[in-house]
Amino acid sequence: MFTEIFQDVASIFFVLFLGYWGGRSLAFSPEQTAGFGKLVLNYALPATLFASIVKSTRETLLSDLSLLYSSLIVLLGWTLISFVVAKGVFKHTRGESAIASLSASAPTVGFLGIAVLAPIFGAASALSVAIMSLVVNVLQVPFGIFCVAPSGTKPAAALVDAVKQPVVIAPILAVLLVLGGLRVPSEAQPMLELIGHATSGVSCFAAGLTLAQHKFQFNVEVGWNTLVKLVLMPATMLGVGLWFGMSGDKLREVVLLAALPSAMSGVIIAIRFQTYMQAAASTLVMTSILFAAAAPIWMYVTARLAG
């Protein structure tokens, strides 16, 4: 387990460093950094989400409702709490608070989920990854995009604009197809996966560019985001999972997923809309570094409590 986690964290920091070096050497302008954000948010990430979800079946998605309910309660609960704290305590705007909530409460399931869980729990862990990915990408990400709408935008118009975004349309359409029992031709998968493979690398690179342009900063807010992501969320997931009667590998899987570093989508949305960039990138760095220590601790605690 330690080898896989170290490799994942090392991969993140290698690409972050490349982006940081590119930014410090002035090889990329702020406008080009924003362009990377558009590439991921409008093209690569939607393709990845669509391709990963349509591989599932209706029976798979509905086979473990306790897993779905636990993910909804924990992820959406901490999204709301983090949003309120960002707005009420740290005095951010609505848009900044939404990205802050994504940084604190959205795990990078799509990037690290399978990479971390599969070597430990095997192929069966794909179900936990798929369901939690749905919550992140069908509910949390649209919430963030909805809230970054310019001040004065009517709620209905902001909602329509959020739903029109490719990163929102793609997973929703994929879920509808799966629930309707419709299968996407296998020939389409390589096409989607080709552009989708750019998601993780470009996201990390863009985060490194952002750090070079805004500098890493550790403050009370970044500390709070990190505390929520690596301590409070997995602790809540452990409690909720026990409440729903989960045990064994299934409980360990969801707790470990809840403890994953901040989702790349928070940084990408920050870059795309030019807001909360420094704090989002700094939170990504802190949660990635400390995940290497948090993961084995949560594995041990969960094993002791749930067997």
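The values are calculated or read from the model by the stated rules, or taken from the named source; none is laboratory data. Not measured: the values here are computed from a predicted model. Because the Cβ atoms are built from the backbone with ideal geometry, glycine has one as well, and the counts that use them run over all protein chains shown. The accessibility values were calculated without ligands, DNA or RNA, using every heavy atom of the protein model including side chains. Shrake-Rupley method; radii C 1.70, N 1.55, O 1.52, S 1.80 Å.
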Open item on the list: For the chain, what does the accessible surface come to per residue with a 1.4 Å probe? Please give it in Å².
Closed with: 43
Open item on the list: Sort 250-257, 204-211, 234-241, 12-19 by packing, meaning the average of other beta carbons within 10 Å per residue, with the highest value first.
Closed with: 204-211, 250-257, 234-241, 12-19
Task: Heavy-atom accessible surface of the range 69-109: percent carbon and sulfur, 1.4 Å - done: 74
TODO: Just tell me, in residue order, which DSSP H segments of the chain are both 30 angstrom or longer along the helix axis (alpha-carbon based) and at least 0.0 in mean Kyte-Doolittle hydropathy.
DONE: 2-24, 277-306
TODO: Report the residue, chosen from GLY201, GLY223, GLY122, that carries the largest GNM mean-square fluctuation when the chain is represented by alpha-carbon nodes joined by springs under 10 Å.
DONE: GLY122
- [ ] Can you bin the chain into rounded, prolate or oblate? Criterion: square roots of the alpha carbon gyration tensor eigenvalues sorted a ≥ b ≥ c, rounded for a/c under 1.5, prolate for a/b above b/c, oblate for the rest.
- [x] rounded
TODO: Work out the FRET efficiency for SER186 and TYR300 from their Cβ-Cβ distance, taking R0 = 45 Å, and round it to the nearest 0.05.
DONE: 0.65
Open item on the list: Under 10 Å, Cα contacts only: if you run a Gaussian network model on the chain, which one of ALA293, ALA100, ALA162 comes out with the highest mean-square fluctuation?
Closed with: ALA293
- [ ] Using a 10 Å cut-off on Cβ atoms, rank the peptides 141-148, 43-50 from the highest mean neighbour count down.
- [x] 43-50, 141-148
Open item on the list: So, taking all protein chains as they sit and a 1.4 Å probe, how much accessible area belongs to ILE289, in Å² rounded to tens?
Closed with: 80
Open item on the list: Starting from 0.36 nm per residue, how many nanometres of slack lie between LEU227 and GLN32 once their C-alpha separation is accounted for?
Closed with: 67.0 nm
Task: Ellipticity estimate at 222 nm from DSSP helix runs (n ≥ 4, -39,500 (n - 2.57)) divided over the chain, nearest 500 - done: -23000 deg cm²/dmol
- [ ] Quick one: pull the percent of accessible area on the range 130-257 belonging to carbon and sulfur, 1.4 Å probe, ligands and nucleic acids left out.
- [x] 71
TODO: Given a cut-off of 31 Å, name the pairs among LYS164/LYS229; LYS91/LYS250; LYS38/LYS91 whose C-alpha atoms lie farther apart than that in the structure shown.
DONE: LYS91/LYS250
- [ ] Keeping all protein chains in position, work out how much accessible area LYS154 exposes to a 1.4 Å probe, and write it in Å² to the nearest 10.
- [x] 150
TODO: Figure the gain on full extension for ARG94 and LEU62 (residue separation times 0.36 nm, minus the Cα-Cα span) and round it to one decimal in nm.
DONE: 8.1 nm
- [ ] Name the most mobile residue of ALA51, ALA157, ALA174, meaning the one with the largest mean-square fluctuation, in a Gaussian network model of the chain with Cα contacts below 10 Å.
- [x] ALA157
- [ ] Once you have a ≥ b ≥ c as the square roots of the Cα gyration tensor eigenvalues for the range 167-292, tell me rounded if a/c is under 1.5, and otherwise prolate or oblate according to whether a/b is larger than b/c.
- [x] oblate
- [ ] Using the Cα centre as the reference, give the magnitude of the dipole from point charges on the C-beta atoms of the chain (Lys, Arg: +1; Asp, Glu: -1; all else neutral), rounded to the nearest 20 debye.
- [x] 520
TODO: Find the percent of Cα-Cα distances in the range 167-223 that exceed 16 Å, and round it to a whole number.
DONE: 67
Task: Cα gyration tensor category, rounded, prolate or oblate, for the range 53-99 with a/c compared to 1.5 - done: oblate
